[in-house]
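Remarks on the structure that follows.
The values are calculated or read from the model by the stated rules, or taken from the named source; none is laboratory data. Note that the coordinates shown come from a computational prediction; the quantities given were computed from them, not determined experimentally. Neighbour counts run over all protein chains shown; Cβ positions are idealised from the backbone, glycine included. What goes into the accessible areas is simple: the full protein's heavy atoms, side chains included, and nothing from ligands, DNA or RNA. Shrake-Rupley method; radii C 1.70, N 1.55, O 1.52, S 1.80 Å.
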Amino acid sequence: MAKGWLSDSIGRIDNISLAPNAKNALFPLFEAVMNSIHAIEERFGPDNLSQGTIKILVHRDSSGEYCGFTITDNGIGFIRDNLTSFQKFDSRKKVKIGGKGVGRLLWLKVADHAAVRSTFVDEHGKLVGCKFDFTVDDPVSNYIDIDNAGSSVQTSIVINPFRSEFASKLPKKLDTIAGRLIAHFVSYFTNISHPQILITDEAETINLFDIFSEKVERDKDFTFFVEGIEDEFVIHCFLLPKTISDDEKSVNALYLGANGRAVSRHELDSVLGLKAIGGKYAFLGYVESAYLNRNVNDTRTAFSLDEDQTSSIVDAAKNCAKEFLEPEIREIRDAQTKKILAIGKEYPRFFYAARNAASIVEELHLSTQSEEEIFVELSRRYLRDYKKRKREYKDAYKKALPDVEQQTEQFMQKLKEDAMSSLAEYVARRKAILEIFEAGLRFKDADDMTSHYEKVVHGIICPLNSTSQELSYEDHNLWLLDDRLAFYTYFNSDKRMNSQAGGETTSTDRPDITLLDVSLGFQSEDANQPITIVEFKRPKRDNYTLADNPISQVRSYVEQFRGAREAVKFDGTPLRTISADTPFTCHIVADITDSLISVMRQLGQFSQRAGTSSYYWWDANYKIFIEISSFREVLNSAKARNQAFFKHLGID
């Protein structure tokens, strides 16, 4: 038996390109499994692959991370011809089935050696065996013949441990490795006859073919041709559970294969616009052709094709993938259409988009599926369309084009539609706020009759612990109380008195809402401009006394402001002056209960507003106009002021 390499082994292996990355880390395993499949086919024949078994043991290091593999099969083993071929670089023994005699060299790219043990039937029909180490210096180092070889044909290859730079790139989960194996050998999974492949890390065992056959949702083959290439191409399409995808992120993929093995991977997420189809499936396509078989490199890790040739093949295959996935794509389109219609109804600014939902949905990315994503995309389209129309109008006007009048008319008509849509949306938003406000008035618990505390209702009207410096017009709903309050430019919500009244004020009282501005400007010397205070009380409350009531409470706030003689901004700088004659308007929002009516009688001369449950009184001593309204009255008043708009929109 000849020993030793017949060429420069170190140089040959160094010339093999295999960078340590997540894709390449499993190639040595793939080569070992491929050799096992070939050995099974050589022993049992191509039509009896089901008699073969391949077992893969995944090893762990001391920290519990995957670090290597043992691959065991019941193929023909290292009979004399196979052992001789094993010792040759670029052996042509398996050239007819795509073997290039190079794949096993990858084992030495990731590990110092591979331990081989084989039991086989020799030329005399005797069960014999051998074991050796596959190394850079000697492919059959430490070779030993085994006379007492056992009772069954079996070969095991131990590639363990991987070098650290490759071990760190191995997948962290067993089902990920299983998925990569399925994807790599997908052509074998389409055969009726196939060997059984098991993978285990001793904590879990996975039967690859059982998973594949049981969980394939559906599959179909397509044939296609590429311009300039005479050979026919076949794509095997599979819809699989996303857990079987070969990527840990469960992306869809297209593989170009050669001689029964996947060679190059092409992501389809950007093409399909999907990651998980229907939230649970992944697409896997395998393309094969005699043309690809002839143009694969010796390690079957790349094709010797130029970029244009590869792109042409991939593009044709992608079209087949889209045809295969048409039912799933149509289901997504239908769901997108429903969401556009729903958005158009809830947000009337997109009313006109909803009218053209069928055409708009075809332009959406398939991955744009949530209501929020579609809302954002419609907004983006709205902005782009506006800018495009504006640009076209300007160009037509500047160049005095014949259609300038038409462009102007179209531009103004669209502006009118936009304005109407925005107004409609604002009115619809008010309707929604009123519904939320009404819900806030209900009992929290029908048994104990406890209503939401005033801070809940307060938060609906205006966020607590905030100022107009932090809130925009759309962030509060002061219009619920009075439409005029919505346009104040400076207000405080649930802020301490010492942060909004100047002078030496130290009070930590917190008025619910104070509106301090003076029309168009922050600063003013006009102390006669009114200040508004809003105070909320818990709905249904009925335990007011002369010592604890909202009337005395707002009087106290007024006295504190007048004593400070000025109001200040959030940063302490002066906002406006306050004199003894500065008028105050105080809105008290509280249910008109017996105890509150009793307090009103004792503290003032309140009058009931005709046709309502509201009460008012000009307190001349304090120069305060006090209005007391129930929560229900505030709701009914706001509804009445907006009812005509609701009716016009059809949302009343």
Practice prompt. Sorted from largest down, give the three principal axis spans of the alpha carbons of the range 486-633, whole angstrom values.
Written response: 43, 29, 27
Discussion item. As a test of reading the structure, rank 544, 622, 615 by solvent-accessible area (1.4 Å probe, protein chains only), most first.
Written reply: 622, 615, 544
Discussion item. Along the Cα→Cβ direction, 7 angstrom out, place labels at residue 529 and residue 489. What is the inter-label distance in nm?
Written reply: 0.7 nm
Response to the item:
Order by accessible surface, 1.4 Å probe, largest leading, for residues 581, 298 comes to 581, 298
Fill in: residue 456 - accessible surface, heavy atoms, 1.4 Å probe, Å² rounded to 10
60 Å²
Discussion item. With the alpha-carbon atoms as the only input, what is the per residue convex hull volume for the range 592-652 in Å³?
Written reply: 95 Å³
Fill in: Full-extension gain in nm, residue 122 to residue 602, via 0.36 nm per residue minus C-alpha separation
161.2 nm
Worksheet item: In whole Å, how far is the Cα centre of the range 263-289 from that of the range 114-136?
Response: 41 Å
Worksheet entry | Calculated from backbone phi, Karplus (6.51, -1.76, 1.60) coupling profile of the range 561-575 in Hz, x at Gly/Pro | 5, 5, x, 6, 6, 7, 10, 10, 6, 4, 9, x, 7, x, 10
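What value in Å³ per residue do you get for the convex hull of the alpha-carbon atoms in the range 105-150? Walk me through the intermediate numbers first.
Numbers: hull volume 3.7 nm³, N = 46.
Expressed per residue, the convex hull around the Cα atoms of the range 105-150 is 80 Å³.
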Worksheet item: Which whole number in µm²/s is D for the range 256-386 by Stokes-Einstein, with the Kirkwood Rh taken over Cα pairs at 20 °C and 1.002 mPa s?
Response: 125 µm²/s
Worksheet item: For the range 290-350, what's the radius of gyration and Dmax over Cα atoms, in angstrom?
Response: 20.8, 62
Worksheet, complete the sentence: Sorted by accessible surface (1.4 Å probe, heavy atoms of the protein chains only), largest first, 641, 384, 333 come out as 384, 641, 333
Worksheet, complete the sentence: Residues meeting the amide H criterion for residue 566 (H placed from the backbone, H to H distance under 5 Å, 5 or more places apart or on another chain) are 502, 578
Item to complete: Return the sequence-ordered ³J(HN,Hα) values of the range 611-626 in whole Hz as given by the Karplus equation 6.51 cos²θ - 1.76 cosθ + 1.60 applied to θ = phi - 60°, using x for Gly and Pro.
Response: x, 9, 9, 8, 10, 9, 6, 8, 8, 4, 4, 9, 6, 10, 9, 10
Worksheet item: Where the centroid of each part is defined by its Cα atoms, how far is the range 550-610 from the range 198-230 in Å?
Response: 76 Å
Worksheet item: Between residue 80 and residue 63, what length comes free when the chain is fully extended (0.36 nm per residue of separation minus the Cα-Cα distance, one decimal in nm)?
Response: 2.1 nm
Discussion item. Could you compute how much accessible surface residue 212 exposes when probed at 1.4 Å, giving the result in Å² to the nearest 10?
Written reply: 10 Å²
Practice prompt. Report, by chain and number, residues whose modeled amide H sits under 5 Å from the one on residue 490, excluding near sequence neighbours (fewer than 5 apart, same chain).
Written response: 516, 517
Worksheet item: Along the range 135-145, what does the Karplus equation 6.51 cos²θ - 1.76 cosθ + 1.60 (θ = phi - 60°) give for ³J(HN,Hα), rounded to whole Hz, x for Gly and Pro?
Response: 10, 5, 6, 8, x, 10, 4, 6, 5, 9, 7
